[in-house]
1. Just to be sure before I move on: is Asn144 away from ligand 2 (no atom under 16 Å from the Cβ) and either at pLDDT below 95 or under 14 Å from the mean Cα position of the chain (by Cα) (or both) in the structure I sent?
2. May I ask you to verify whether Ala13 is more than 14 Å from the chain's Cα centre (by Cα), open to solvent by less than 40 Å² (accessible area, probe 1.4 Å) and free of Cβ contacts under 8 Å to residues at least 24 places away in the same chain?
3. Quick check on my filter: what residues within segment 67-116 are surrounded by fewer than 18 Cβ atoms within 10 Å (Cβ to Cβ), assigned to a strand (DSSP E or B) and small (Gly, Ala, Ser)?
4. Across segment 151-164, what is the number of residues that are among the β-branched types (Val, Ile, Thr) and either over 20 Å from Gly105 (Cβ atoms) or in contact with a Leu (Cβ under 6 Å, 6 or more places away or on another chain) (or both)?
5. Is one or more of the residues making up segment 147-157 at pLDDT 95 or above, more than 14 Å from ligand 2 (Cβ to nearest atom) and more than 12 Å from the chain's Cα centre (by Cα)?
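The values are calculated or read from the model by the stated rules, or taken from the named source; none is laboratory data. Since the structure is predicted, the reported quantities are computational estimates derived from the model, not experimental observations. With ideal geometry, Cβ positions are generated from the backbone for all residues, glycine too; neighbour counts draw on all protein chains shown. Just the protein is used for accessible areas: all its heavy atoms, side chains included, with ligands, DNA and RNA removed. Shrake-Rupley method; radii C 1.70, N 1.55, O 1.52, S 1.80 Å.
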Amino acid sequence: MITPFALALDPAAFLEMKATKEVVRRLSDMRHHFSDKRAVERILGQGDPVIYRFWEVEYTGPERGLSFGITTIYPGSIGREYYMTKGHFHASSGDEIYMTLHGQGCLILQSRDGQSQTLDMVPGGLCYLPSGWGHRTANTGKENFTFVSIWPPNIEHDYQSVSQYGFPQLVVATDHGPEAVENPEFIRPGRS
Ligand code: S6P
Ligand code: ZN
């Protein structure tokens, strides 16, 4: 039985909780997720930067609890593509809420039936991610980008589809700031 608790919204506070799982993703963990393969190899020739970290507390009890986590994406880009998360679908149904704490980011979405969309993420703002929409976040600013996520328990995170097909849109740096552009390498599932 979980008892009520309060928690500061920063990674250090999350880490003090016994149930927290910390995940660190470096460039080598996601080399095929970035579009500019030459930039990936060039950077990996000099080191293996941490792209983002997240800390999550998964609800494992028998009731209808909630799981939650906090993610920090560091500033930077691989080629023109901003540092970003791998991205995933929720394999079983389950919506999610993201709330931005710090920095400037972009939520990149794709639905299983072929729609795609991007939403700005700004401190104090909330994004609602309906079931069935694959989601990835990118840091489009110059500082750390940090947001909180809350989702129902027992969701299987499906990374496989994203690994295999990518996202229809890339978020890249341009002279006019961040822009979402079509991903020329995106393969729509079911087509070759
Ligand atoms: C979980 C939620 C987030 C991500 C985190 C890292 O449903 O969407 O907590 O897990 O932002 O992204 P990814 O794609 O590596 O899981
Ligand atoms: Zn998710």
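1. Yes: the conditions hold for Asn144.
2. Criteria met by Ala13.
3. Matches in segment 67-116: Ser111, Ser116.
4. Residues flagged as among the β-branched types (Val, Ile, Thr) and either over 20 Å from Gly105 (Cβ atoms) or in contact with a Leu (Cβ under 6 Å, 6 or more places away or on another chain) (or both) within segment 151-164 amount to 1.
5. Checked against the condition, which is being at pLDDT 95 or above, more than 14 Å from ligand 2 (Cβ to nearest atom) and more than 12 Å from the chain's Cα centre (by Cα), segment 147-157 yields no hits at all.
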